[in-house]
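J.: Questions regarding the structure given below will be posed in turn.
The values are calculated or read from the model by the stated rules, or taken from the named source; none is laboratory data. As the structure is a prediction and not an experimental result, all values here were calculated from the model. Because the Cβ atoms are built from the backbone with ideal geometry, glycine has one as well, and the counts that use them run over all protein chains shown.
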Amino acid sequence: MISRRLLLQSLPATVLAAGSGPASAALKQRSYRGAMRYSLGSRDNGRESFLVTVQPDGLRTLRAQCELDDDQLLRDVTLTVDADWRPVTAFIQLTIAGKFAGATWYRFAPDEIVVEGYNAVAGGISQRVPLTRPADAFGAHPIHGDAWNLARLRLAGGRPINAPRYTSSSMSNGASGPGLVLLPENYLVYALAGRDTVTTPSGSYAADHFTMTVTAKKKVNQIWAYGADCIPVRMTTSDGRNYELVQLSGDPR
């Protein structure tokens with residue numbers, strides 16, 4: 001058996017220092033967590049749990065687990081955006097009918113997107129996509145990420161947004177890939193619709209209401225998001241799907 005003294009002697013000095021002195025001060029981020037219920041008509045058909053951390057400089061990371069019962073789809077997502085809500089990094093893993101379907105990591109730099117992954121259909125994925133301007137947004141398919149588009153609308157002064165955007169899958173349930181798909185200009189159009197009080201099982205919220213229109217499919221999603229953190233409290237789609245916030249705790253703003 002290795003003694004504690006010998007084990008400590010084998011550790012790098014930087015590791016030992018991390019547990020003592022000023023380096024052990026509490027981290028400065030705030031966080032909130034919650035859950036959403038998915039339904040189709042009167043029938044529950046999925047759920048989403050999420051944890052978000054926000055750093056003092058505005059960097060924020062979403063960790064979401066999405067379950068779609070009808071599609072037998074489990075999606076694990078980690079998505080980080082900067083203070084302007086532009087994507088920085090992402091990781092997505094898909095499990096379909098209990099089997100591994102794919103996992104992909106993304107890095108968004110001002111001048112390129114780097115993609116590395118593997119999926120059960122195409123095998124290995126390795127891409128470097130040059131950019132002439134930073135990516136405006138990345139659709140990783142959690143409802144929470146959809147609500148974050150409110151922040152981009154606010155930064156645009158409320159003007160509708162129809163810029164080209166990237167997504168991990170062009171399927172509405174995000175079941176393909178995960179890869180990198182460029183959605184053309186005007187494929188998705190976001191627009192503010194007003195402000196409403198929305199009541200869900202988690203409480204009542206003064207929420208900003210905006211629309212996400214899929215122009216090619218003539219499909220309109222209505223999204224209500226709360227606060228500076230753009231937390232989704234309700235979303236409805238023109239094909240009868242509903243999503244609502246059922247739990248929220250921590251330090252949301």
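J.: Here's a check for you: in segment 128-173, which residue that is of a type in the set (S, T, N, Q) and either more than 16 Å from the chain's Cα centre (by Cα) or assigned to a loop (DSSP other than H, G, I, E, B) (or both) is surrounded by the fewest Cβ atoms within 10 Å (Cβ to Cβ)?
T.: Step by step, filter segment 128-173, then rank; the result is Thr132.
J.: Mind listing whichever residues of segment 82-103 are surrounded by 14 or more Cβ atoms within 10 Å (Cβ to Cβ) and either out of contact with any Phe, Trp or Tyr (no Cβ under 7 Å at 6 or more places or on another chain) or among the charged types (D, E, K, R) (or both)? Steps first, please.
T.: Keep residues of segment 82-103 that are surrounded by 14 or more Cβ atoms within 10 Å (Cβ to Cβ), which gives 82, 85-96, 101-103.
Residues satisfying the conditions are Asp82, Arg86, Ile92, Gln93, Leu94, Thr95, Ile96, Ala101.
J.: In addition: Looking at this structure, is Gln29 at pLDDT 95 or above and among the polar types (S, T, N, Q)?
T.: no
J.: So for segment 227-237 (the condition being in a loop (DSSP other than H, G, I, E, B), closer than 30 Å to Asp111 by Cβ, touching a Gly at 6+ places or on another chain (Cβ under 7 Å) and touching a residue at least 40 places away in the same chain (Cβ under 8 Å)), does at least one residue qualify?
T.: For segment 227-237, residues in a loop (DSSP other than H, G, I, E, B), closer than 30 Å to Asp111 by Cβ, touching a Gly at 6+ places or on another chain (Cβ under 7 Å) and touching a residue at least 40 places away in the same chain (Cβ under 8 Å): absent.
J.: Return the total of residues in segment 174-190 being modelled with pLDDT of 90 or more and loosely packed, with under 15 Cβ neighbours inside 10 Å.
T.: Of the residues in that region, 1 qualify.
J.: State which residue is surrounded by the fewest Cβ atoms within 10 Å (Cβ to Cβ) when the search covers only segment 113-123 and only residues that are at pLDDT below 95 and in a strand (DSSP E or B).
T.: Ranking the qualifying residues of segment 113-123, first place goes to Gly123.
J.: Another one. Look through Arg133, Arg165, Arg107 and report the one residue that is modelled with pLDDT of 95 or more and more than 19 Å from Tyr38 (Cβ to Cβ). Steps first, answer last, please.
T.: Numbers: Arg133 fails: modelled with pLDDT of 95 or more; Arg165 fails: modelled with pLDDT of 95 or more.
None of the others qualify; the one that does is Arg107.
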